[in-house]
1. Please report, for the Cα atoms of the range 32-85, the Rg to one decimal and the Dmax as a whole number; what are they, in angstrom?
2. With just the Cα atoms of the range 39-119, tell me how far they stretch along each of the three principal axes, in Å, largest first.
3. Take the Cα of Tyr27, step 7 Å along the line toward its Cβ, and report every residue of the range 37-60 whose backbone nitrogen sits under 14 Å from that point.
4. For the residues Val118, Val22, what sequence is obtained by ranking on other C-beta atoms within 10 Å, fewest first?
5. What aspartates and glutamates could a cross-link reach from Lys109, if we take a straight Cα to Cα line under 15 Å and drop same-chain neighbours fewer than 8 places away?
6. When Lys110, Lys93 are ordered from fewest to most other Cβ atoms inside 10 Å of their Cβ, what list results?
7. Which FRET efficiency, nearest 0.05, do Arg126 and Glu46 yield, Cβ-Cβ r, R0 30 Å?
8. Quick one: which of Lys48/Lys91; Lys31/Lys93; Lys28/Lys93; Lys26/Lys117; Lys26/Lys91; Lys28/Lys85 span more than 20 angstrom between C-alpha atoms?
Amino acid sequence: MKVQLLLIILFKTAVVFGQSAVFSAKYKTIKFPPTPEGEVLSFSYEVKNTGKAPLEMYNAEAECSCTEVILPSGKIPPGGFGTIKVIFDTKGKYYFQNRMVYINTNSRKKREFVRFKVFVEPDPTRQLDQDP
């Protein structure tokens, strides 16, 4: 009897732990054409929950204050979609920008990421640091 009870508990625990949210983005990296300094890029990542439990996104961390991230409100049900909106201000940024956005979730990995890349053409009036 004890063995049967133990097996039932182990089986139920395995089923519960097997049900987790899975963060899945069709495009984890977005590449932009060359962009003049000073423009604001606004774009979105579509995320699907391919897991068996609701996906929650708690907060996001961008690599610099020039990037704003807006997460979907509420949970994304299994099979459902959500949108992560990103706004990147190129003012004061120039040349190649390779930025990561980290999202804390309840997925298996706990910390997911998306990325964007853009070459920012410096403002022609800007005085860039030059080697002597």
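Readers should treat all values here as calculations from the given coordinates under stated rules, not as data from a laboratory. Note that the structure is a prediction, hence the values are computed from the model and not measured. We place every Cβ from the backbone using ideal geometry, glycine too, and count neighbours over all the protein chains shown.
1. Expressed in Å, the Cα Rg and Dmax of the range 32-85 come to 14.0, 43.
2. 43, 20, 17 Å, listed from the longest principal axis down.
3. Only 42-47 pass the distance filter.
4. Fewest-to-most Cβ neighbours within 10 Å comes out as Val22, Val118.
5. Glu56
6. Listed from fewest to most nearby Cβ atoms, that is Lys110, Lys93.
7. According to the calculation, E is roughly 0.30.
8. Lys48/Lys91; Lys28/Lys93; Lys26/Lys91
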